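Chemist: After the structure tokens below, expect a handful of questions from me.
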Amino acid sequence: MRTLFTPSRAALLIFFVAAALLPFFVDPRGHLLRVAAMVLLFAAMAQSWNIVGGLANQISLGHAGFFGLGAYTSTLLFLKLGISPWIGMFAGAVVAGGAAVLLSIPTFRLKGHYFALATLAFAEVLRVIANSWADFTGGPVGLSIPFMGSQPAYFAFRAVSSYYWVILGLLAAVCLAFHLLASGALGYRLRAVRENENAAEVAGVNTFRVKLIASVISAALTAICGTVFAQFTFFFDPDSIFSLAGLSVRMAMIAIVGGLGTLGGPILGALFLIPLEETANAFLSSKAAGLSQFVFGVILIAAILIQPRGLMAWWPKPRRRRAEASRPAVAAPAAKGA
Amino acid sequence: MLQALIDGILLGGVYGVIATGLSLVFGVLGVVNFAHAEFLMLGMYVAWFAWRWLGLDPLLGSVLSFVIVFAVGYVVQRTLIERVLKAPPAAQVFLTVGLLIAIENAALMVFGSEFRSVSVPYQVQGYRLGDIFIGAPYLYAFAAAVILAAALWLFLERSWTGRAIRAVAQDAMAATLVGVDTKRTYGLAFGLGVALTAFGGAVILPYITVSPTVGGQFVVLMFTVVVLGGLGSVAGALAGGIMVGVVQSMSTLIFPIQLQNLCLFVIFIAVLALRPQGLIKGA
Amino acid sequence: MTAVLQAEGVSVTFGGLKAVDGVSFTLNAGEIVGLIGPNGAGKTTLFNALVGLQPLTSGAVRLGGETISGLKPHKVAAKGMTKTFQNAALFPDMSVLENVTTAALLRHDLKGARIKAERVLDTLGLGPIADADVQDLTFPQKALVEMARALATEPRVLLLDEVMAALTPSEMDEVMKVIRTLRDEGLALLVVEHHMRAIMALCDRLLAVNFGRLLAQGRPSEVAADPQVIEAYLGHGAAGQEGAHA
Ligand SMILES: Nc1ncnc2c1ncn2[C@@H]1O[C@H](COP(=O)(O)OP(=O)(O)O)[C@@H](O)[C@H]1O
Ligand SMILES: [Mg+2]
């Protein structure tokens, strides 16, 4: 039986409790709570990306594609057919999952850079389609979700705090999904694929299937984030929802700055980066256009150069179960202790 | 039809030179430079300022673009890229993506967001051959691209530095053993790669306006060209450039203008999926 | 005896190089067969072809009578054949136990896989280092973990690619003991090894290859005495061609 409360788990628990209580302590309509909601939403997006980027080490630069599919699917279903975004959210997840399968078939043989390029092109394709197929998608103008007051059944609330709690719940769900994946059988296989694909195959791992499953789950969760984002902001357009720098890169960057492939990484990364960007925006955007984005780029470069393993690298490593290692040492010939 | 073909070839020659730089960087350093199109933008600005302040025609200013961006590239490689050469692809990808964001926004701060264009006497002139009309700026840009490609070929074949670059691309370890300073060579190759692209940016200035976001228009195009030709293959990139130019100008005959890029993307993904080693190389 | 593995005219070509050239042989359950040949002879490539890592240019591979050539390695592993990697290809960010557990997942759920993995580690005497990071292991330990990981897939046929390189004589004896035990349990083993002493002591039969071709096969003493094999190792007449010395 392992200890239930490692420092990491305690920290996570404290984080979620503190986050849940935050709306009681800040202005429920204020800017601060909106920023906090964005932190949580970006943490959830980065965690979704982390499933593919961190666990399977498939560097996707196209997750904005899944995000946008989620936003468009739920919003179009609502605007055209009056279907509640709560349902549309899952429809979006299915659409994104399907897109992930379609994208995977041709691209999974690709490694590293090639995969990054192909996924980048995927999101760009969607952006171009959304821009040009104006009859259906609203084109470059984007889509607005009409304000309806408080209609919980239609994912519409008056108070920012309601959205905030929904987003927090989403983050918890995504983190749970990540944890279950990472620590379960699939997690073993994904790490094996990440570290040596040929050796994984020879050891009996169906590498294609493992990557496909991870990719579909990641895409579906990202799409759900997209729906939530659309409901929260009431408006989006193709260039922002399929944005390479604004979304695809940012999701990945949060996970990387926090710690690739770790459970806490995306949360740490979002807690660090989003407020930093907000502050930079607030103070710098009046100074010169582009300054805050410039700072964003510099931070990304600095993060890669200073600590490519992310903030989590400074977190105390979880102890392995040394206790179990002291089981009776059966005749240890060639292996002379570690 | 024939008109579209010729337009395509003229465009494509320039695309070829632009993408050659990207391919060279990958071939020698093994790094996919996502920020590459930003150096195209820098090259365009250098040429624009050379035109504005010195009255230089962009075709001449392109030499200045080449030199200045070469220096910038050399420094960027030695201070930043050098440090991730042995890092996993994720670190390389995100370092260059960070560079992309930083350069684009630095340009926005320094140059402002307005679109700038040059005016040259031959801008609307052209040559007529029967039914075919050849725009002068396109023709001159193509000619400049061809000259530069030839110079590049000579340089890589004949000069000691060029041969050192090729040696390092083939086997860095062996090159070190025969006395090549690999670090310096990496810097030179990167500088040369971005300078070629900057040159390409400068010569198209007479028919394309420059703004800080112009790189974005070229990213996928550039990668499509390079992937068609085989990542790392310089000759392949030139051929790939012409193919893309032709596809692009032919597709305007069939598709509305916004879908032109879509066509490219589809080719891009298809080629990546079916022949990641490139269509031209070894085809 | 029943032939569990049959290779029929297996060939692998890299560009113009015939790395494996029409190799045919059979392997029986409960038998240790040695595969010898100088460096670059094509032994590793043959292994890769057998397990499905390397597509065949021509020929066929049958496992228990069923054609498996063309299958992906994980399918081949599921059908009962796997290999170790010459340059230990462990999963570096995982512990020893996790490495082996991953392979045991082929036939068990996670809980069962852990138990299976621990059992395999114990039989190889690796129990005490189960929780070590594989990056901290010595080379011989890595080779043993490779073996443990392969065994965790519960194969009928196991291909061992130079697991005894870099072992001391006493360590070698221990590994040979393990290999014999596996044979006595009915496993078929194909073993690449450069130590002639180990090969002669261990193998029931030998296959000798050079330049991708099977030169000789038969009882160890016969094959070792075959003039062609001696020539391959000593390099007479092979002057100017690389890889002629072991
Ligand atoms: N992936 C590959 N591509 C091209 N040639 C290869 C490849 N793998 C092995 N070879 C060549 O095939 C031959 C056989 O190599 P290998 O099977 O590793 O020999 P061995 O294991 O007997 O030492 C060698 O000449 C080697 O250079
Ligand atoms: Mg070998």
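Every read-out reported here was derived from the displayed coordinates using simple, explicitly stated rules and does not represent laboratory data. These figures come from a predicted structure and were not determined experimentally. Ideal geometry is used to build each Cβ from the backbone, glycine not excepted, and the neighbour counts take in all protein chains shown.
Chemist: Would you pull out the residues with amide H under 5 Å of A:Phe235's amide H, same chain only if 5 or more places away, H placed 1.01 Å from N?
Modeler: Answer set, sorted by chain and number: A:Ile145.
Chemist: Further, regarding this structure: Note down the magnitude of the dipole of chain B about its Cα centre, charges +1 on Lys and Arg C-beta and -1 on Asp and Glu C-beta and zero elsewhere, to the nearest 20 debye. Walk me through the intermediate numbers first.
Modeler: Details: 13 positive and 10 negative charges, 106 e Å.
That gives a dipole near 500 debye.
Chemist: Could the peptides C:111-119, B:208-216, A:241-249 be put in order, highest first, of the mean number of other beta-carbon atoms found within 10 Å of their residues?
Modeler: A:241-249, B:208-216, C:111-119
Chemist: Let me have the 222 nm mean residue ellipticity of chain C computed from DSSP H runs of 4+ only, each contributing -39500 (n - 2.57), with the sum over all residues rounded to the nearest 500.
Modeler: So the helix-based figure for chain C works out to -10500 deg cm²/dmol.
Chemist: Shifting gears a bit: List the extent of the Cα atoms of the stretch A:7-337 along each of their three principal axes, largest first, rounded to whole Å.
Modeler: 73, 47, 42
Chemist: Using only DSSP helix segments of four residues or longer, with each worth -39500 (n - 2.57), what per-residue ellipticity at 222 nm results for chain A after dividing by its residue count and rounding to 500?
Modeler: On the way: 15 runs with 223 residues, N = 338.
Helices in chain A give a 222 nm mean residue ellipticity of -21500 deg cm²/dmol.
Chemist: Considering chain B as a Gaussian network with a 10 Å cut-off on Cα pairs, which listed residue, B:Val246, B:Val194, B:Val225, attains the greatest mean-square fluctuation?
Modeler: B:Val246
Chemist: Can you give me the relative contact order of chain A as a percent, contacts being Cα pairs under 8 Å and 6 or more apart?
Modeler: Relative contact order for chain A comes out at 29 percent.
Chemist: Step by step: find N for the protein assembly as shown, compute 2.2 N^0.38 Å, then divide the Cα radius of gyration by it. What's the final number?
Modeler: Values: Rg = 30.3 Å, N = 867, 2.2 N^0.38 = 28.8 Å.
Output field value: 1.05.
Chemist: Turning to a different aspect of this structure: So what's the projected area for the stretch B:33-94, the Cα convex hull averaged over all directions, in nm²?
Modeler: Taking a quarter of the hull surface, the average projection is 4.4 nm².
Chemist: In deg cm²/dmol, rounded to 500, what helix-only [θ] at 222 nm does chain B give when every DSSP H run of at least 4 residues adds -39500 (n - 2.57) and the total is split over its residues?
Modeler: Value at 222 nm, helices only, nearest 500: -25000 deg cm²/dmol.
Chemist: Inside 10 Å of the C-beta atoms of A:116-129, what's the mean count of C-beta atoms belonging to other chains?
Modeler: 6
Chemist: Still on this model: Which value does Rg/Rh take for the stretch C:50-103 over its C-alpha atoms, Rh per Kirkwood?
Modeler: That ratio equals 1.05.
Chemist: Under a point-charge model restricted to the Cβ atoms of Lys and Arg (+1) and Asp and Glu (-1), what is the dipole moment magnitude of the stretch A:7-337 relative to its Cα centre, in debye to the nearest 20? Intermediate values should be presented prior to the final figure.
Modeler: On the way: 23 positive and 11 negative charges, 254 e Å.
Using Cβ point charges on Lys, Arg, Asp and Glu, the stretch A:7-337 gives about 1220 debye.
Chemist: log10 I(q)/I(0), Debye, Cα-only the stretch B:23-143, no solvent, q = 0.12, 0.22 Å⁻¹?
Modeler: Cα-only, vacuum Debye calculation for the stretch B:23-143: -0.58, -1.23.
Chemist: Could I ask something else about it? Assign unit charges at the C-beta atoms only (+1 for Lys and Arg, -1 for Asp and Glu), then state the dipole size of the protein assembly as shown relative to its Cα centre in Debye, rounded to the nearest 20.
Modeler: The calculation lands at about 1080 debye.
Chemist: Further question on the same structure: Quick one: of B:Lys183/C:Lys142; C:Lys18/C:Lys177; C:Lys79/C:Lys177, which pairs are farther than 32 Å apart, Cα to Cα?
Modeler: Working: B:Lys183/C:Lys142 34 Å; C:Lys18/C:Lys177 36 Å; C:Lys79/C:Lys177 26 Å.
Where the Cα-Cα span goes over 32 Å, the pairs concerned are B:Lys183/C:Lys142; C:Lys18/C:Lys177.
Chemist: To the nearest whole number, what is the average tally of beta carbon atoms from other chains within 10 Å of the beta carbons of peptide C:116-125?
Modeler: Partner-chain Cβ atoms within 10 Å, mean over residues of C:116-125: 3.
Chemist: Could you tell me the extents of chain B's C-alpha atoms along the three principal axes, largest first, rounded to whole Å?
Modeler: Principal axes ranked by extent give 59, 46, 35 Å for the Cα atoms.
Chemist: Mind sorting B:Trp51, A:Trp49, B:Trp153, B:Trp160 by how few other Cβ atoms lie within 10 Å of their own Cβ, fewest first? Display every interim value, and only then the final one.
Modeler: Values: B:Trp51 22, A:Trp49 31, B:Trp153 14, B:Trp160 8.
Fewest-to-most ranking of B:Trp51, A:Trp49, B:Trp153, B:Trp160: B:Trp160, B:Trp153, B:Trp51, A:Trp49.
Chemist: If you don't mind, another one. Hey, what do the phi angles of the stretch C:30-38 turn into as Karplus ³J(HN,Hα) couplings, whole Hz, using 6.51/-1.76/1.60 and θ = phi - 60°, x for Gly and Pro?
Modeler: Listing the rounded values in order: x, 9, 10, 10, x, 10, 10, x, x Hz.
Chemist: Are there DSSP H segments in chain B that both extend 24 Å or more along their axis (alpha-carbon positions) and score a mean Kyte-Doolittle hydropathy of at least 0.0? List them, or say none.
Modeler: TM-like helix candidates: B:2-29, B:36-54, B:58-79, B:89-111, B:136-158, B:182-203, B:234-254.
Chemist: If you don't mind, another one. Have a look at B:Val32, B:Leu11, B:Ile101 and report the one farthest towards the positive end of the charge dipole of the stretch B:2-214, computed about the Cα centre with Cβ charges (Lys/Arg +1, Asp/Glu -1).
Modeler: Value: B:Val32.
Chemist: For the stretch C:109-224, calculate the relative contact order in percent as a whole number, restricting contacts to Cα pairs under 8 Å that are 6 or more residues apart.
Modeler: The value is 18 percent.
Chemist: Arranged by the count of other C-beta atoms within 10 angstrom, fewest first, what order do A:His63, A:His31 take?
Modeler: The most exposed by this proxy come first: A:His31, A:His63.
Chemist: To continue, here is another question. Towards the positive end of the charge dipole of the protein assembly as shown, with charges on Cβ (+1 Lys, Arg; -1 Asp, Glu), say which of A:Pro7, A:Val52, B:Val210 has the farthest Cα.
Modeler: A:Pro7
Chemist: Does anyone have the angle between helix A:265-284 and the longest principal axis of chain A? Alpha-carbon axes, 0 to 90°, nearest 10?
Modeler: So the helix axis and the longest Cα principal axis differ by about 40 degrees.
Chemist: What order do you get for B:Leu228, C:Leu71 when you list them from fewest to most C-beta neighbours inside 10 Å?
Modeler: C:Leu71, B:Leu228
Chemist: Further question: Using a 10 Å cut-off around each Cβ of peptide C:129-142, what is the average number of partner chain Cβ atoms that fall inside?
Modeler: Neighbouring Cβ atoms belonging to other protein chains average 3 per residue here.
Chemist: Once you place label points 7 Å from the Cα toward the Cβ at C:Glu8 and A:Phe25, how far apart are they in nm?
Modeler: Between C:Glu8 and A:Phe25, the label points sit 7.5 nm apart.
Chemist: Under 8 Å for C-alpha pairs, at least 6 residues apart: give me the relative contact order for the stretch C:89-154, rounded to a whole percent.
Modeler: So the answer I get is 49 percent.
Chemist: Given the options B:Trp51, C:Met147, C:Leu97, identify the residue whose Cα lies farthest towards the positive end of the charge dipole of the protein assembly as shown (+1 on Cβ of Lys, Arg; -1 on Cβ of Asp, Glu).
Modeler: Comparing the listed Cα positions along the dipole, C:Leu97 ranks first.
Chemist: Now a separate question. Amide H neighbours of C:Leu215 under 5 Å, counting only residues 5+ apart in sequence or on other chains, H built in-plane at 1.01 Å?
Modeler: Distant-sequence amide H within range of C:Leu215: C:Ala208, C:Val209, C:Asn210.
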